[in-house]
1. Given the criterion over 22 Å from Asn209 (Cβ atoms), basic (Lys, Arg) and open to solvent by 10 Å² or more (accessible area, probe 1.4 Å), identify the matching residue among Lys137, Lys170.
2. Regarding region 76-84, can at least one residue be identified that is surrounded by fewer than 17 Cβ atoms within 10 Å (Cβ to Cβ), in contact with a strand residue (DSSP E or B) (Cβ under 6 Å, 6 or more places away or on another chain) and of a type in the set (Asp, Glu)?
3. Residues that are under 14 Å from the mean Cα position of the chain (by Cα), closer than 25 Å to Asn227 by Cα, within 14 Å of the ligand (Cβ to nearest atom) and open to solvent by 50 Å² or more (accessible area, probe 1.4 Å): does region 143-162 have at least one?
4. Quick check on my filter: what residues within region 163-174 are within 16 Å of the ligand (Cβ to nearest atom) and of a type in the set (Val, Ile, Thr)?
5. Open to solvent by 50 Å² or more (accessible area, probe 1.4 Å) and within 16 Å of the ligand (Cβ to nearest atom), is that true of Thr226?
6. Going residue by residue through region 86-95, is there one that turns out to be at pLDDT 95 or above, over 16 Å from the mean Cα position of the chain (by Cα) and part of a helix (DSSP H, G or I)?
7. Could you go through region 104-118 and let me know if any residue there is over 18 Å from the mean Cα position of the chain (by Cα) and charged (D, E, K, R).
8. Looking at Glu171, Glu156, which one is under 18 Å from Thr122 (Cβ atoms) and out of contact with any strand residue (DSSP E or B) (no Cβ under 9 Å at 6 or more places or on another chain)?
Amino acid sequence: MKILACNIKNKMDRLETESYVEQLGEIVSEKAKLIICPSFLFLPLFKGGNYSLGSQDISSFNEATVTGEITAKQLKSLDVSYVIIGHSERRNYKHEINIDFINKINHAQEKDLRIIYCIGETEEEKEHGETFDILEKQISEVLNNVVLKDIMIAYEPIWAIGSGKIPTIKEIQNTIEYIKDIVDEKYEQQIKVLYGGSVNVDNIEVINNIEAVDGFLVGGASLDVTNVKKMIEIIDNKGN
Ligand code: PGA
């Protein structure tokens with residue numbers, strides 16, 4: 001099964017979300033596991049489909065009383081099964097750092113939520129040939145300090161997010177293999193690694209042909225249900 005995780009971000013209001021849910025209907029797929037990550041606000045609108053629910057974030061505070069935060073317990077009560085942690089937009093705009101990700105992972109795990117931990121390099125780091133060093137750091141500084149349970153990694157080059165640009169197929173393959181190798185080496189575990197950053201109906205097929213890619217984290221292209229269905233169709237149509 002390939003994972004297709006749809007990151008709706010802060011897009012869509014209530015009416016748009018209701019229409020999205022209706023169009024989504026019952027997804028049937030042989031080879032794709034669909035995870036929809038809507039705004040926290042609209043999680044309850046997604047009841048009953050043939051897909052899993054994810055949240056785009058989770059509080060780094062667990063027991064403390066903190067205004068505006070959303071806890072693992074609350075997410076669990078809305079049938080959320082996955083949580084995105086460490087997205088580059090949270091690192092960048094909200095200044096989230098490793099200790100936040102470690103706390104978030106711990107809290108998510110306490111409630112049996114599965115984690116999609118995002119990592120990725122900037123354009124400048126890529127140009128300086130630092131991609132592997134950066135990824136190694138983002139992995140070890142967080143995963144050294146948590147239990148490696150129900151965690152998958154989403155490799156999202158920051159320069160590819162929302163830009164329409166993607167790395168070459170060889171680069172995606174090499175980088176995802178590198179991530180898997182270091183996790184295996186350091187923690188003796190095989191984990192799933194997703195690719196994210198400008199995935200769309202036109203490029204998903206070639207990326208899906210890379211054996212090491214276990215799935216996708218899709219932003220912009222997932223805002224249109226027609227695209228989501230097409231992407232599932234493409235994944236389903238891949239020969240074995
Ligand atoms: P994008 O976003 O598909 O719009 O590039 C991906 C993401 O930020 O997870």
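The values are calculated or read from the model by the stated rules, or taken from the named source; none is laboratory data. Note that the coordinates shown come from a computational prediction; the quantities given were computed from them, not determined experimentally. FYI the Cβ positions are ideal-geometry reconstructions off the backbone, even for glycines, and counts take in every protein chain you see. Heads up: the accessible areas ignore ligands, DNA and RNA and are worked out on the full protein's heavy atoms, side chains in. Shrake-Rupley method; radii C 1.70, N 1.55, O 1.52, S 1.80 Å.
1. On the way: Lys170 fails: over 22 Å from Asn209 (Cβ atoms).
Criteria check complete, one pass: Lys137.
2. yes
3. The answer is yes; a qualifying residue exists.
4. Scanning region 163-174 gives Ile166, Ile172.
5. Working: open to solvent by 50 Å² or more (accessible area, probe 1.4 Å): yes; within 16 Å of the ligand (Cβ to nearest atom): yes.
When the stated conditions are applied, Thr226 passes them.
6. Initial filter on region 86-95 (at pLDDT 95 or above): 86-95.
Add one more test, that the residue is over 16 Å from the mean Cα position of the chain (by Cα), and what stays is 92-95.
Restricting the remaining residues to those that are part of a helix (DSSP H, G or I) gives 92-93.
Looking for residues that are at pLDDT 95 or above, over 16 Å from the mean Cα position of the chain (by Cα) and part of a helix (DSSP H, G or I), one finds at least one in region 86-95, hence yes.
7. In the first step, residues of region 104-118 are kept if they are over 18 Å from the mean Cα position of the chain (by Cα); the result is 110-111.
Keeping just the survivors that are charged (D, E, K, R) gives 110-111.
Yes, some residue in region 104-118 is over 18 Å from the mean Cα position of the chain (by Cα) and charged (D, E, K, R).
8. Numbers: Glu156 fails: out of contact with any strand residue (DSSP E or B) (no Cβ under 9 Å at 6 or more places or on another chain).
From the options Glu171, Glu156, the qualifying one is Glu171.
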